[in-house]
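Engineer: Would you mind keeping the following structure in view while I ask a few things?
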Amino acid sequence: MRFQDAARDARAVVYAGIQADPLVARAAALLADATAAQRVLARAVMNGESDAAEPWRSMFPTLFGSVAAAEGSAERDRSEAILAVSLAVATRGEQVRSQFRGAIVEAVTELLLARRVAADAIRRERRILFDGVPAEIHPYDVTVETPGAAEAYDCKWGARGISADVLHQLDDARGHAAAEGDRLLPVLVIFDARRSCEVRLARHTAPRTGTRLVTIETLDRLAGRRAEAAS
Amino acid sequence: MTDSRALVERVVEAIGRLVALGETIEDEWTYVHDLETVWVARLRAVAAGSGAAAHGAAAPQSPSSSHPSPALPPPPELEAALDRLVAEADMVGDPHRAIDWLSTLPQATLVALGESAW
């Protein structure tokens with residue numbers, strides 16, 4: 001099993017520009033330390049129509065209302081910062097914000113993984129090659145390239161991004177690695193509720209038993225921390 | 001006291017409107033209706049139990065890295081929050097975004113209710 005940088009085709013070059021946008025890094029840093037409710041706020045705003053802050057504050061009274069953390073507290077400041085960065089993404093237009101949302105999930109994944117494994121083991125946009133097996137077209141969003149305990153991550157903004165192709169690619173990689181005597185843990189990271197993901201997965205017959213599912217409520221498990229719900 | 005069940009039914013009606021929009025994506029018809037089924041069931045279950053939560057002791061809202069905590073009593077701004085969430089959902093005109101909102105609206109509603117969003 002070998003890892004290799006993905007080809008820098010036109011799509012990759014354009015997407016690399018989005019991945020490098022400071023807005024992506026800012027959003028990822030905030031969401032990596034966010035509470036579950038703050039992550040739902042980000043998801044709603046980046047999916048939403050309203051482009052002003054006040055309507056969103058009224059929609060999330062547990063973050064901005066009378067029962068929320070006090071104004072000026074670190075928790076309240078983070079809610080405001082997440083709202084601001086999410087609005088900045090939402091106002092980029094439908095096509096661009098879709099790309100930003102995907103890049104943000106990848107960046108959050110990388111940040112959380114860096115709290116558990118050495119940063120130099122974490123790579124982006126990598127292909128995994130196996131002897132005698134044609135390379136997959138799509139690179140993995142994030143990989144952890146630790147000898148004997150590699151991990152491959154596919155990151156999606158919503159449950160609707162789960163497809164048979166994705167499930168097959170992840171499971172095939174795990175199987176090919178095992179055939180070579182290596183261990184590769186495939187992981188789907190979905191910035192959506194597990195309930196919605198399970199609905200999506202129920203429609204597929206593609207193999208998934210060897211693939212770990214990390215959802216918006218269990219993101220912190222990427223960092224090795226316990227989350228609200230078991231994966 | 002706010003009648004959480006009546007308020008949640010307004011959200012359920014909004015979900016129905018999102019379903020009507022999202023189901024126009026032919027390949028997603030089953031997914032759209034399955035999402036409606038599971039999230040409406042979850043919201044109604046929470047609303048049915050919210051009276052007990054309203055009379056229970058308040059607990060700090062759990063950070064994402066902690067165990068589930070007992071639900072908070074609904075905030076006093078709940079009705080305005082859910083009305084605004086419904087209005088936001090009703091602004092959606094694109095069927096693909098409606099499908100996104102079929103998952104997002106219930107999660108945001110649960111957060112407004114002081115519940116875990118899942």
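The values are calculated or read from the model by the stated rules, or taken from the named source; none is laboratory data. Keep in mind that this is a model prediction, so the values were computed, not measured. Virtual Cβ from ideal backbone geometry, glycine too; neighbours counted across all protein chains shown.
Engineer: Out of A:ARG183, A:ARG212, which single residue is in contact with a strand residue (DSSP E or B) (Cβ under 9 Å, 6 or more places away or on another chain) and surrounded by fewer than 16 Cβ atoms within 10 Å (Cβ to Cβ)?
Structural biologist: Details: A:ARG212 fails: surrounded by fewer than 16 Cβ atoms within 10 Å (Cβ to Cβ).
None of the others qualify; the one that does is A:ARG183.
Engineer: I would also like to ask the following. Kindly indicate whether A:LEU213 is within 14 Å of chain B (Cβ to nearest Cβ), among the aliphatic types (A, V, I, L, M) and in contact (Cβ under 8 Å) with a residue 24 or more places away in the chain. Quick ask: steps written out before the conclusion?
Structural biologist: Working: within 14 Å of chain B (Cβ to nearest Cβ): yes; among the aliphatic types (A, V, I, L, M): yes; in contact (Cβ under 8 Å) with a residue 24 or more places away in the chain: yes.
Answer is yes for this residue.
Engineer: If the requirement is being under 23 Å from A:ASP220 (Cα atoms), out of contact with any helix residue (DSSP H, G or I) (no Cβ under 7 Å at 6 or more places or on another chain) and modelled with pLDDT under 95, which of these qualifies: A:ALA114, A:ALA135, A:ALA119? Give the derivation first.
Structural biologist: Numbers: A:ALA114 fails: modelled with pLDDT under 95; A:ALA135 fails: under 23 Å from A:ASP220 (Cα atoms).
Of A:ALA114, A:ALA135, A:ALA119, the one residue that is under 23 Å from A:ASP220 (Cα atoms), out of contact with any helix residue (DSSP H, G or I) (no Cβ under 7 Å at 6 or more places or on another chain) and modelled with pLDDT under 95 is A:ALA119.
Engineer: Right, here's the next one. Go through the range A:84-94 and count every residue that is of a type in the set (S, T, N, Q), crowded, with 17+ Cβ neighbours inside 10 Å and more than 19 Å from the chain's Cα centre (by Cα).
Structural biologist: Going residue by residue through the range A:84-94, those that are of a type in the set (S, T, N, Q) are A:86, A:91.
Still in the list and also crowded, with 17+ Cβ neighbours inside 10 Å: A:86.
Among the residues that remain, those that are also more than 19 Å from the chain's Cα centre (by Cα) are: none.
Total satisfying the criteria: 0.
Engineer: Report, by residue number, each residue of the range A:68-83 that is farther than 19 Å from B:PRO75 by Cβ and surrounded by 14 or more Cβ atoms within 10 Å (Cβ to Cβ).
Structural biologist: Going through the range A:68-83, the residues farther than 19 Å from B:PRO75 by Cβ turn out to be A:72, A:74, A:77, A:81.
Residue satisfying the conditions is A:ALA81 alone.
Engineer: Let me ask something else. Given the residues A:VAL117, A:VAL108, which is the only one that is in a helix (DSSP H, G or I), within 30 Å of A:ALA178 (Cβ to Cβ) and hydrophobic (A, V, I, L, M, F, W, C)?
Structural biologist: Numbers: A:VAL117 fails: in a helix (DSSP H, G or I).
Step by step, each of A:VAL117, A:VAL108 is checked, and only A:VAL108 is in a helix (DSSP H, G or I), within 30 Å of A:ALA178 (Cβ to Cβ) and hydrophobic (A, V, I, L, M, F, W, C).
Engineer: Just one of (1) under 11 Å from the mean Cα position of the chain (by Cα); (2) surrounded by fewer than 21 Cβ atoms within 10 Å (Cβ to Cβ); (3) of a type in the set (A, V, I, L, M, F, W, C) trips up B:ALA48, so point out which.
Structural biologist: For B:ALA48, the exception is condition (1).
Engineer: In the range A:81-111, how many residues are modelled with pLDDT of 95 or more, outside the structural domain of A:THR218 (by TED's automatic domain parsing) and of a type in the set (Ser, Thr, Tyr)?
Structural biologist: 1
Engineer: Of all residues being in contact with a Lys or Arg (Cβ under 8 Å, 6 or more places away or on another chain) and facing another protein chain (nearest Cβ under 7 Å) in the range A:50-64, which is surrounded by the fewest Cβ atoms within 10 Å (Cβ to Cβ)? Just the residue, please.
Structural biologist: So, considering only residues that are in contact with a Lys or Arg (Cβ under 8 Å, 6 or more places away or on another chain) and facing another protein chain (nearest Cβ under 7 Å), the one surrounded by the fewest Cβ atoms within 10 Å (Cβ to Cβ) is A:PRO55.
Engineer: Somewhere in the range A:70-93, is a residue out of contact with any Phe, Trp or Tyr (no Cβ under 7 Å at 6 or more places or on another chain), at positive phi and within 14 Å of another protein chain (Cβ to nearest Cβ)?
Structural biologist: The initial filter retains those residues of the range A:70-93 that are out of contact with any Phe, Trp or Tyr (no Cβ under 7 Å at 6 or more places or on another chain), namely A:70-78, A:80-82, A:84-88, A:90-91, A:93.
Those left that are additionally at positive phi: A:72, A:93.
From what is left, the residues that are within 14 Å of another protein chain (Cβ to nearest Cβ) are A:93.
The answer is yes; a qualifying residue exists.
Engineer: Next question. Within the range A:137-163, work out how many residues are closer than 28 Å to A:VAL40 by Cβ and either hydrophobic (A, V, I, L, M, F, W, C) or assigned to a helix (DSSP H, G or I) (or both).
Structural biologist: 9
Engineer: Determine which single condition A:ILE162 fails, assuming it passes every other condition in (1) crowded, with 16+ Cβ neighbours inside 10 Å; (2) touching a residue at least 40 places away in the same chain (Cβ under 8 Å); (3) out of contact with any helix residue (DSSP H, G or I) (no Cβ under 7 Å at 6 or more places or on another chain).
Structural biologist: Among (1) crowded, with 16+ Cβ neighbours inside 10 Å; (2) touching a residue at least 40 places away in the same chain (Cβ under 8 Å); (3) out of contact with any helix residue (DSSP H, G or I) (no Cβ under 7 Å at 6 or more places or on another chain), A:ILE162 violates only (3).
Engineer: Considering every residue within the range A:178-196, establish whether at least one is among the acidic types (Asp, Glu) and within 14 Å of chain B (Cβ to nearest Cβ). If you could, list the steps in order and put the result at the bottom.
Structural biologist: Let us first name the residues in the range A:178-196 that are among the acidic types (Asp, Glu), namely A:180, A:182, A:192.
Now restrict to residues that are within 14 Å of chain B (Cβ to nearest Cβ): A:192.
Taking every residue of the range A:178-196 in turn, at least one turns out to be among the acidic types (Asp, Glu) and within 14 Å of chain B (Cβ to nearest Cβ).
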